[in-house]
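Report on one structure; see the data block that follows.
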Amino acid sequence: MRIFTVILLTFIFFQSLKGEYHTSGSTELQQIASNYRQAMIDTKSDRDPINRILHALIPETEYSDQVVVELHQRYPFNRQLISSYIDSILSDGSWPDINYNDTKRSGWDAKKHADRILELTKFLLSYPSDPLNAAVDSTIFKGLRYWFSTRPVCKNWWYNEIGIPKTFGPAFIMLRDKLTPEDLNGAIAVMDKSRFGRTGQNKVWLAGNVLIKAILTDDHNLAKEARDSILSEITTGQPEGIKDDWSFHQHGPQQQFGNYGLAFLNEMSFYSRLFAGTSFALSPQQQSVVNNLFAKGYRWIIWKGYMDINALDRQLFHNAPIHKGLAVGNDAGMLRAGSSDADLSVIDDFMNDNFLSSSSSGISSFTGHKHFGESDMTIHRAPRWMASVKMASLRVIGTELVNEDNLKGFYMADGATYVYRRGDEYLNVFPLWDWRKIPGTTSYDTTLPVPQPSGYGDHVRNNSNFVGGVTDGRTGMTAMILDRDKVNARKSWIFTDDMIVCLGAGIASDTTLSLATTIEQKIRRGNLLMRSGSTWLPVEGRKECSGTGLRFYHDSICYILPGPADCVAITGKRTGRWSDFMGSYTPAEVSGEVAELYIPHHRDSVAAYQYIILPDVSSDQAASFPIGSVRIIRNDSSVQAAEINGIVYITAYRPDTVAITGARQFDISDPGIYMLTPSGDGFAVLSAIPGL
């Protein structure tokens, strides 16, 4: 009897502990659900500087980018649109303007149904006393029950397992107290499409959807498992995800700053805020990793609120640099909840540089030079301008074509070079581009169709590992051997706060096609000018130029070809279609003006080039710039070297001896990239990557 009593009391004791744990866990999930609801409502706040900028932009009419989807959820409620959803919904709960049988893999039309449900739900909770709410409530549940009964399916797994549950999920949390048992079963069936699995950002999305299911079902253990799965990706050094240089990879060794990486930063910033004040909160180490991804990764690629084109990856959508820049600004705001004072200072500086009134001064407080070695990408930030170079190698995939995104981006990692002052220099230029003449690249000078990347990028790997960059933190040199698509070239870039020096040598192809190196191709703003004698003359149409010391000037940037050279300058109106390179868009012609400069290379000889870019100069400064201040020491297939402001920059493609001045020389036994400064009878090495 005594033994039975002890067993019974022990059982009651542990059951009571279990009950206390469940109650505590339930309370915590209720807090997280409350945080979730508040986060959804806060996205409409007009006090948020990101929202103020966004609200001044015309909303997109066609989009499939998840970043744009979530940004559009931040626009002020359009009562006319809300009313139209109410008035147009059919008796079965569908909307007549949505194609529920759409077969597109990107921009799936049926997802609009989920987007509308979420928008209506946010309206319902944001304005609980609004006269429209009875009709809004009825419309929401009509729409939900239509989806629960018909269960539309997309040909692209991402929508079924991630996109649809991710959109409906927040609505389910906000509506939890209104769901009937049948509605709750329908909601859980939607969320059941998401299971733990996959890698990188896809893994985070899936686990986030499982978290929503756990909140709906009050399952603390499942919520904890989902939280652990989400936060397990907050680490560096893995094959995919955050790299040690603070770039981000997905779909193999491929830079994905603007696509999966941005989604990752969005999600982790959101969870940093969502879990704050609970046992689910990020650990100090995890919070530090996310803040470093922002500060040491994303901060480099945003200029005046615009994301660098080289960071967009395959997502070349309309207004993409603006939307993705705003998304990073929003992430910075969400990171405040878990940030240290030092992190908050970085966030404040970032916001001031990009989104607040001080950003209009034109001077950035964040300057320097960084080479993302694990992603073959270089960024240079001067006080008044920024530039980037994107490359590829046997180690790093350059780009990809997925779901008809990036149909013409074959050359986008062949040394693509963009220069920014305002940030909008290349905004929406893509439909007007000659895609074989991406700035900075060397490719075929032909009107033949551009090849298409295949799969997740193996077709666009560069067949060389001689790709890299060095820096002293202030200036730097980047170089690559280009070997793909039967084109070979040695390409180097030198960056100082005054200029970019671009060198090319050993340029050849074993085809019968001619080659060209593109200096610039961007939106025309004002005249493209060519220096003739002591005056600047406008270029209209196409002009073929030859000479020594050719100078061009456009939009406060000067382009100088210091040696004997041929150059083609083009201006004029062009037309094109977004659907030609992004399959989700409706075919519709757009037009605009483009300014273009390129260097043609003759088929019958191994070619070379050299040109200097002077960003942010007046036309008088462009005219008077002393070419002799840049001393090109060598530019051949063995060595590219120049001296600027007392620093010698060398790319050595094979062992060699470089004569610097007089009897002073530098012996190179290991091919690589070197920055030197004279020291005594020799040189001090400021930075070097030998053994490339």
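Computed values, structure above
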| read-out | value |
| --- | --- |
| Cα-only Debye scattering, segment 575-692: base-10 log of I(q)/I(0) at q = 0.09, 0.22 Å⁻¹ | -0.45, -1.24 |
| Overall form of segment 84-218 per C-alpha gyration tensor (a/c, 1.5; a/b vs b/c) | oblate |
| Shape box of segment 131-286 [Cα atoms, principal axes, largest first, Å] | 52, 39, 31 |
| Ranked by how many other beta carbons lie within 10 Å on average, peptides 28-38, 461-471, 75-85 from highest | 461-471, 28-38, 75-85 |
| With DNA, RNA and ligands ignored, accessible area of Trp205 (1.4 Å probe; Å², nearest 10) | 20 Å² |
| At q = 0.13, 0.20, 0.26 Å⁻¹, base-10 log of I(q)/I(0) for segment 316-398 (Debye sum, equal scatterers on each alpha carbon) | -0.56, -1.14, -1.22 |
| Average Cα contact separation per residue, segment 595-692, under 8 Å, 6 or more apart, as relative contact order % | 15 percent |
| Accessible surface of the chain, 1.4 Å probe, proportion on carbon and sulfur as whole % | 51 percent |
| Crossing angle, helix 111-126 versus the chain [Cα axis fit, 0-90 degrees, rounded to tens] | 60 degrees |
| Point-to-point label distance, Thr511-Ser534, nm (Cα→Cβ direction, 7 Å offset) | 4.7 nm |
| Å³ per residue enclosed by the Cα convex hull of segment 446-580 | 178 Å³ |
| Stretch gain in nm, segment Glu182-Asp667, where the contour uses 0.36 nm per residue and the Cα spacing is subtracted | 166.8 nm |
| Compactness of segment 132-174 as Cα Rg over 2.2 N^0.38 Å, two decimals | 1.31 |
| Summed residue charge, Cβ within 11 Å of Met174's Cβ, Lys/Arg positive, Asp/Glu negative | +3 |
| Per-selection Kirkwood Rh - segment 532-616 (Cα, Å, 1 d.p.) | 15.2 Å |
| Projected label distance in nm at Val685 and Leu125, using a 7 Å step from Cα toward the beta-carbon | 5.8 nm |
| Normalised alpha carbon radius of gyration of the chain [divisor 2.2 N^0.38 Å] | 1.07 |
| Value of relative contact order over the chain, rounded to a whole percent, pairs C-alpha under 8 Å and six or more apart | 8 percent |
| Cα-Cα over 20 Å, subset of Lys437/Lys573; Lys437/Lys491; Lys243/Lys437; Lys324/Lys390; Lys296/Lys408; Lys112/Lys193 | Lys243/Lys437; Lys296/Lys408 |
| With Cα atoms, 0 to 90° folded angle of helix 164-174 axis to the chain main axis | 50 degrees |
| Solvent accessible area, Å² - Ser629, 1.4 Å probe, full protein context | 50 Å² |
| Segment 527-576: translational diffusion in µm²/s, Stokes-Einstein, Kirkwood Rh over Cα pairs, 20 °C, 1.002 mPa s | 188 µm²/s |
| For peptides 677-685, 105-113, sequence by mean Cβ density within 10 Å, most packed first | 105-113, 677-685 |
| Positive dipole terminus of the chain, leading residue within Ser619, Thr139, Ser194 (C-beta point charges) | Thr139 |
| Shape metrics for segment 256-389, restricted to C-alpha atoms - Rg then Dmax, Å | 14.5, 44 |
| Length gained when the stretch Thr199-Asn645 is fully extended (0.36 nm per residue, less Cα-Cα span) | 155.9 nm |
| Shape of segment 368-436, Cα gyration tensor, a/c cut at 1.5 | oblate |
| For segment 503-577: relative contact order, % (alpha-carbon pairs under 8 angstrom, 6 or more apart) | 26 percent |
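The values are calculated or read from the model by the stated rules, or taken from the named source; none is laboratory data. The structure presented is a predicted model; accordingly, all values stated were derived computationally and were not measured. Please note: Cβ atoms are built from the backbone with ideal geometry, for glycine as well, and neighbour counts cover all protein chains shown. Each accessible area value is taken on the protein alone, full model and side chains, heavy atoms only, with ligands, DNA and RNA left out. Shrake-Rupley method; radii C 1.70, N 1.55, O 1.52, S 1.80 Å.
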